[in-house]
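Contents: one structure, followed by commentary.
The values are calculated or read from the model by the stated rules, or taken from the named source; none is laboratory data. What you see is a predicted model; the values in this text were computed from it and never measured. Backbone-built Cβ (ideal geometry, glycine too); neighbour counts: all protein chains shown.
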Amino acid sequence: MAQLERDPNGHVLTRASTWDGPTSIDNTGIAGCCGSGKGALEFKLTDSASYGPKYLRVYCQQVHDFPQEQPADSIPDDLDDLILPLVIGPVFLHPSDRLLSSATNKPMELWPEDTPMVHATYRWFGTQHRGHLAIHEAWEDGIHGKVWDSALVMVKMIQRMAQHPSYRSYLDGKHVVDLSAGTGLLGMCALRESKCRRVTVTELEEALPLIKSNVALNHQDGDNHDRIQVLPLLWGDHDQAMACGKADLILASDVLYEAEFFESLVASLVDLCAPKGRVYIGYKRRGFDHEEEARFWTLCQAHFQVTLLNDHPDDPDGGLLPVLATKVGVKLYRLVPA
């Protein structure tokens, strides 16, 4: 993808949206903030010398108050580590002063069906090499359609692997598997940041179109395209795992969300991991209790040595744990064959 360039003539006016009337979104009474983690922002582009396409980068510049308790000294200097920037686009301007007949300041569910629009949400990630990664999210696709907190932590872990001489051998010349990849972020980050031999990105069959579109989005010039493959993998399916091939490095982000699939997930880890391979799992507690978590790691311990890097800062891999992990409550586990 071409690098984004700032429009020196463009100006953006913004305001938080509020609305009245029956909708499926709760009205909290706070401008711009709605129930169920939703919000709305109106923007107006003016004084631009070109009509598009344009992309709006929405980011956190200052924290006045945070919905969760945050000690003052825990707010990072780089606020991108607290609230992930959002890129909206493409936006095309029309050379006309005619106002749209649709009331587009209302929730989209109240817009007329024939309202012309292109709706896409991207996350923008800086990389150490060759610019940035653009990740298209599809929240309507469910769990696999968005970037979760553990993936943000593991992106920084991958960057540390690629930068530090002690860890570079984990990636360079190796086969990397991004297991149940969601958007494909980790696999593409490993490909972009290192000299890995091959990257295999896996997901359920119905989730593959989003990953393939993100691969195409970030490799439009064909660079590295022959080193990445996107394959279906249902946990526990031995034949699909064998089609992926043995992996030297397995990356798994926020894959623990249904206890009934624990045995199948462990079976796939065993099928995929090379005899001297490594598995890194990013996990953030949501619905599980301690007993459920313990059951999963006990299943893993039948095949792997399991280390929680958060509790072992002096471990040789302790340097892989970014500060962000503590701030967002993500645990980073390393598994190596027993």
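I'd like to verify a number: residues in the range 159-214 that are within 13 Å of the chain's Cα centre (by Cα) and either on the phi < 0 side of the Ramachandran plot or in a strand (DSSP E or B) (or both), how many?
11
Residues of the range 310-338 being assigned to a helix (DSSP H, G or I) and out of contact with any Asp or Glu (no Cβ under 6 Å at 6 or more places or on another chain), which ones?
Matches in the range 310-338: Asn310, Asp311, Gly318, Gly319, Leu320, Val323, Ala325, Thr326, Lys327.
Do we have Leu308 as within 24 Å of the chain's Cα centre (by Cα), at pLDDT 95 or above and crowded, with 19+ Cβ neighbours inside 10 Å here?
Answer is no for this residue.
Mind listing whichever residues of the range 244-277 are among the hydroxyl-bearing types (Ser, Thr, Tyr), over 17 Å from Val201 (Cβ atoms) and either part of a helix (DSSP H, G or I) or free of Cβ contacts under 8 Å to residues at least 24 places away in the same chain (or both)?
Answer for the range 244-277, where residues must be among the hydroxyl-bearing types (Ser, Thr, Tyr), over 17 Å from Val201 (Cβ atoms) and either part of a helix (DSSP H, G or I) or free of Cβ contacts under 8 Å to residues at least 24 places away in the same chain (or both): just Ser264.
Residue by residue through the range 126-158, note down the ones that are modelled with pLDDT under 80, out of contact with any helix residue (DSSP H, G or I) (no Cβ under 7 Å at 6 or more places or on another chain) and not in a strand (DSSP E or B).
Passing the criteria: Gly131, Glu140, Gly142, Ile143.
Of the conditions (1) surrounded by 15 or more Cβ atoms within 10 Å (Cβ to Cβ); (2) modelled with pLDDT under 95; (3) under 24 Å from Lys331 (Cα atoms), Asn214 fails just one. Which one is it?
Of (1) surrounded by 15 or more Cβ atoms within 10 Å (Cβ to Cβ); (2) modelled with pLDDT under 95; (3) under 24 Å from Lys331 (Cα atoms), only one is false for Asn214: (3).
Are there any pairs, at least 6 apart or on different chains, whose C-beta atoms fall under 8 Å, with the first in the range 326-338 and in contact (Cβ under 8 Å) with a residue 12 or more places away in the chain and the second of a type in the set (Ser, Thr, Tyr) and surrounded by fewer than 15 Cβ atoms within 10 Å (Cβ to Cβ), and if so, which?
Lys327/Ser74
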